[in-house]
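One structure below.
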Amino acid sequence: MTTATTEPSEVASELTSLDRCDSCGAQAYVRATMPAGGVLLFCAHHATKHREKLTGLGAQWHDETAKLHASNDRSI
Ligand SMILES: [Zn+2]
């Protein structure tokens, strides 16, 4: 079998509507995992604002803002 499969860990780590931005409380679409193990959640707006600084500190950047755009297109 050479079929590529999605890694289970990737699916399990998806953000949900229960995840909230640590800065403003809006729905979170980005998760930053710090090298020390701390996790920060951000809405699209605050993700953009903090991204450069946090990735500079070595944070793992999990971005699901594409989902946000996809659902907007379907809201008609
Ligand atoms: Zn926010």
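The set of residues from the stretch 8-51 being away from the ligand (no atom under 16 Å from the Cβ) and farther than 19 Å from H69 by Cβ comprises P8, S9, E10, V11, A12, S13, T33, M34, P35, A36, G37, G38.
Name the single residue, out of those in the stretch 19-50 being aliphatic (A, V, I, L, M) and touching a Ser or Thr at 6+ places or on another chain (Cβ under 6 Å), that is surrounded by the most Cβ atoms within 10 Å (Cβ to Cβ). Please lay out each step first, then the result.
Start the filter on the stretch 19-50 by keeping residues that are aliphatic (A, V, I, L, M), which leaves 26, 28, 30, 32, 34, 36, 39-41, 44, 47.
Within this subset, residues satisfying the condition of being touching a Ser or Thr at 6+ places or on another chain (Cβ under 6 Å) are 39, 44.
Numbers: V39: 13, A44: 18.
Filtering the stretch 19-50 for residues that are aliphatic (A, V, I, L, M) and touching a Ser or Thr at 6+ places or on another chain (Cβ under 6 Å), the one surrounded by the most Cβ atoms within 10 Å (Cβ to Cβ) comes out as A44.
Bear in mind that the values in this text are calculations on the coordinates, not laboratory data. Keep in mind the model is a prediction, meaning the values are calculated, not measured. Heads up, the Cβs are rebuilt from the backbone with ideal geometry, glycines too, and the neighbour counts pull from every protein chain shown.
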